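Reading through the structure tokens given below for one structure.
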Amino acid sequence: MVERQERSHTEHKSRPGTGPRREGGGGGGPRRQARRRKVCKFCVERIDYIDYKEYRLLFQFIPDRGKILPARISGVCYPHQRLLKSAIQRARNIALLPFSADM
Ligand SMILES: [Zn+2]
């Protein structure tokens, strides 16, 4: 971190003892496990084809009626998101899943 203190002219280097207050303890380690990056579950399970009959699986990606969970939230990669989307649409066509009201 670059420290630029422009308004501390008076106390500049007058007291060597009371430097910047940095308590030890190392609060907030920089390398904590980042939970943000989700892994595409289909990639993990090596699923190449998403069966539209697996409605329980598809339901996980439908938070709302007629909506599909965005890939950013679900963590699904784009190729799989596309497969998922077509699977969901196919499932809707055979009425396994609720249609969107405004389709
Ligand atoms: Zn994937």
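The values are calculated or read from the model by the stated rules, or taken from the named source; none is laboratory data. If you're wondering where the values come from, they're calculated on a predicted model, not measured in any experiment. When we count neighbours, we look across all protein chains shown, and the Cβ atoms used for this are built from the backbone with ideal geometry, even at glycine.
Every condition in (1) within 16 Å of the ligand (Cβ to nearest atom); (2) assigned to a helix (DSSP H, G or I) is met by residue 90 except one, and the failing one is (1).
Scanning the stretch 38-65 for residues that are in contact with a Ser or Thr (Cβ under 8 Å, 6 or more places away or on another chain) and farther than 12 Å from residue 84 by Cα returns 38, 65. What residue, among those in the stretch 33-53 that are under 16 Å from the mean Cα position of the chain (by Cα) and more than 16 Å from the ligand (Cβ to nearest atom), is modelled with the lowest pLDDT? Per the criteria, the residue is 34. When residue 85 is tested against (1) modelled with pLDDT under 90; (2) assigned to a helix (DSSP H, G or I); (3) within 16 Å of the ligand (Cβ to nearest atom), just one condition goes unmet, and that condition is (1).
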